[in-house]
Ligand code: SF4
Ligand code: SF4
């Protein structure tokens, strides 16, 4: 069985990517199971999906903990412990990273036992016309498996994007194919080696006895104030709003509209954004009557100064 | 006949489409909403000739569903979790009205604390309502059993509403290959709705849901629901064989997997049962005589089948994805009662509660369950009930508690 996990951020088309891969494998004659992991359906928040493919009906279910291939559509996730991207990687797990850094860089930085490949999907996606990262990467992922033909892949793209219009299908086909062709020398890198537990080798699960505990412990109650401050929603941001003080009229509209309440006024009455919590929804920029809020790619800002990312 | 990848939700919608339902009262709730969205799209696009109406609550939705069914049309509706409980009053009513409709429930754990992920406490809360219950393990079973459910509900010997249950996430949002039956074959298997005198017509008024006092009449009518539900076991068996003749897939009240010579047997319902099959295969490869028994029908409870399949085993482990506080696993209690009074005492019964609120059950845990059962059989006494819960999970809870009560800062929670 192939066990594949796909990671990215909300908005990068990870669910679509898993469906393209699932359909392509199904077209290639495999039994398939694919699913997104919902829960964090917020733009920019880490999300993942998974695909299983086998020669016979698939009885396994749920999240894949021992993958054969892990696809990472956004390399900033590799720094985010809570995204759990590297869970269950072994010496035979292939890792595919969408990054403009080299495979060597990631090998050294992550110290992983298995093969690491890198796709500069940003460039491909941009050339094809703003194709989401997930859809680009899936072309490379399909090639790494070595069992998906160009035709099966293209059919899958057309099927899964049918609702998005002919232009989107064409752009994605181009991007997917480019990634697919670029990985021709890596075809078949992914091995179906990962096996689930065996009766003899399985470690016992470590169950424990629960005791009857007292309240407030035993009820799902929050007694501490403002615990939501501990959720660093700034980590979801892929694009960053920046206030242009030359244009800003200090009307305060953005402050009132921000759903995270992370805009404050300084002594002079200018809005200041707290990037620890700004989730990058860009509502403020859309609503500012003076067009005084610029939008920059988070990645570009962070390479200048790492503030606002994970510390 | 086409075989395509479908989520459990899409499979349920396909079932309703192929059954050519007339009326779909709807109310959205995660993880069910995709079903009514799909149907709405089809109806809007003209590929399905049906009326979909969104109501203001599940209570109204079920009232509309029941009322429509007893006026003589085929009705489909769907809900989940809190929604099912919000409509609970009407579940009993619809059974009493003998309204032959199909309700798909997408299982999701109940509040509080709130969750989106599945367990079976929602659907089991409807256990005593008079609705029949079919529990599915795959997306294919969802589609097929919506069709079977209409035959069952509308059968003159039964005439009761049916719940078809699928697990949230593990089926609702998971795509698997599903064979979509040929509409012509479906029309042959499932003829148009026959009202059997249950209808409203101008100039021909009838009263539904009348009051009865004194207890005697009430006992009669309520027991009629019970007798019809019991009868549904034989009808489902018959329909399952008919279905196989039409579509090549056999459905029975209970699935027995690798049970022929099994000494130890796992019992569970729903989609996690396919995970149990993986463990059974693994143990079989290692030479252990292990099998799986999975009831599809929960109401009527297939007592005779379960006694036949389990009565001679050495040990049976019931894995409940539900919890009745103060009692334990519901399926375990039902099975213990079903196996009571067997000539040779019956198998040793062990109770495991796991998979609450969508918690996964790892393959290692299935293996360990069999190990615990096997040791209990050797010892000759049942182990204490076991919650599948690990030291790591407790640590995770402790971290949350510390944050909730202010004794610790969170990590990079996202
Ligand atoms: S809405 Fe625009 S103009 Fe008004 S305070 Fe915000 S940035 Fe300044
Ligand atoms: S993008 Fe603007 S509105 Fe959205 S969270 Fe950030 S500051 Fe608030």
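Each reported figure results from applying straightforward, stated rules to the coordinates on display, with no laboratory input. Everything numeric in this text was worked out from a predicted model, so none of it was measured. Glycine gets a Cβ as well: all are built from the backbone with ideal geometry, and neighbour counts include every protein chain shown.
Within segment A:12-53, whose backbone N sits under 18 Å from a point 7 Å along Cα→Cβ of residue B:37?
A:12-20, A:34-45, A:47-50
In the protein assembly as shown, what % of DSSP beta bridges are antiparallel (nearest 5)?
45 percent
Project the alpha carbons of segment A:232-300 onto their principal axes and report the range along each, largest first, in whole Å.
Computed over the Cα atoms, the extents are 28, 19, 18 Å.
With chain A treated as a Gaussian network of Cα nodes joined by springs under 10 Å, which of A:210, A:161, A:89 yields the largest mean-square fluctuation?
Answer for the Gaussian network model of chain A: A:210.
Got a sec? How would B:243, B:76, B:352, B:193 order by Cβ neighbour count within 10 Å, fewest to most?
Fewest-to-most ranking of B:243, B:76, B:352, B:193: B:193, B:243, B:352, B:76.
Expressed in nm², what is the orientationally averaged projection area of the convex hull enclosing the Cα positions of segment A:131-256?
Reported value for the Cα convex hull: 17.7 nm².
Please work out how much length the chain gains when fully extended from residue A:224 to residue A:211, using 0.36 nm per residue of separation minus the C-alpha to C-alpha distance, in nm with one decimal.
2.3 nm
Under the 0.36 nm per residue contour assumption, what length would be gained going from the current alpha-carbon distance of residue B:286 and residue B:200 to full extension?
Residue separation times 0.36 nm, minus the Cα-Cα distance, leaves 24.7 nm.
Against the longest principal axis of chain A, how steep is helix A:166-182, in degrees 0 to 90 to the nearest 10, with axes from Cα atoms?
Between the helix axis and the principal axis of chain A, the angle is about 60 degrees.
Please figure out what share of the DSSP beta bridges in chain A is antiparallel and state it in percent, rounded to the nearest 5.
65 percent
Taking all pairs of distinct Cα atoms, average 1/r, flip it, and tell me the Kirkwood hydrodynamic radius of segment B:186-317 in Å to one decimal place.
Averaging 1/r across every pair of different Cα atoms and inverting gives 18.4 Å.
Write down the Å³ per residue value for the convex hull defined by the alpha carbon atoms of segment B:255-392.
Taking only Cα atoms, segment B:255-392 has a hull volume of 116 Å³ per residue.
Applying 1/(1 + (r/R0)^6) with R0 = 45 Å to the Cβ-Cβ distance of residue A:31 and residue A:290, what FRET efficiency is obtained, to the nearest 0.05?
0.20
Can you tell me the Rg and the Dmax, both Å, for the Cα atoms in segment A:47-131?
Rg then Dmax for segment A:47-131, in Å: 14.2, 40.
Sticking with the crude label model, points 7 Å out along Cα→Cβ, report the distance from residue B:231 to residue B:47 in nm, one decimal please.
With each label placed 7 Å out from Cα toward Cβ, I get 3.8 nm.
If we count other beta carbons within 10 Å of each Cβ, what is the order of A:47, A:293, fewest first?
Final ranking by Cβ density, sparse to dense: A:293, A:47.
Could you list B:38, B:77, B:174 in order of exposure, starting from the residue whose Cβ has the fewest other Cβ atoms within 10 Å?
With the sparsest Cβ surroundings first, the list reads B:38, B:174, B:77.
Test of understanding: extend the Cα→C-beta vector of residue A:120 to 7 Å, then name every residue of segment A:159-182 with backbone N under 14 Å from that spot.
A:179, A:182
Going 7 Å from the Cα of residue A:151 toward and past its Cβ, which residues in segment A:23-58 have a backbone nitrogen under 14 Å from where you end up?
Flagged as within label range: A:27-29.
If I take R0 = 41 Å and measure r between the Cβ atoms of residue A:249 and residue A:167 in this structure, what FRET efficiency does the formula 1/(1 + (r/R0)^6) give, to the nearest 0.05?
Efficiency, rounded to the nearest 0.05: 0.60.
What does the convex hull of the Cα atoms of segment B:13-92 come to per residue, in Å³, rounded to a whole number?
Spelled out: Cα convex hull of segment B:13-92, divided by residues, is 81 Å³.
Normalise the Debye intensity by I(0) for the protein assembly as shown, one equal point scatterer per Cα, no solvent, then take log10 at q = 0.05, 0.10 Å⁻¹ and round to two decimals.
-0.28, -1.10
Can you tell me the alpha carbon radius of gyration of chain B divided by the globular rule-of-thumb value 2.2 N^0.38 Å?
1.01
So if I take the alpha carbon set of segment B:1-148, get Rg, then get Rh from the Kirkwood formula, what is the Rg over Rh ratio?
0.94
Taking each residue of B:170-179 in turn, how many C-beta atoms of other protein chains fall within 10 Å of its C-beta, and what is the average?
If you average over the peptide's residues, the count of other-chain Cβ atoms is 5.
May I ask you to derive the FRET efficiency for residue B:238 and residue B:314 from their Cβ-Cβ distance with R0 = 35 Å, giving the value to the nearest 0.05?
0.60
Over all Cα pairs of chain A, how is the pair count split among 10 Å bins, expressed in % and running from 0 up to the last occupied bin?
Spelled out per bin, shortest first, that is 6, 23, 28, 22, 14, 6, 1, 0.
Taking only Cα atoms of segment A:1-147, what ratio of Rg to Rh do you get with Rh as the Kirkwood inverse-distance radius?
Ratio of gyration radius to Kirkwood radius: 0.94.
Can you say what percent of the DSSP beta bridges in segment B:203-318, counting only those with both residues inside, are antiparallel? Round to 5.
35 percent
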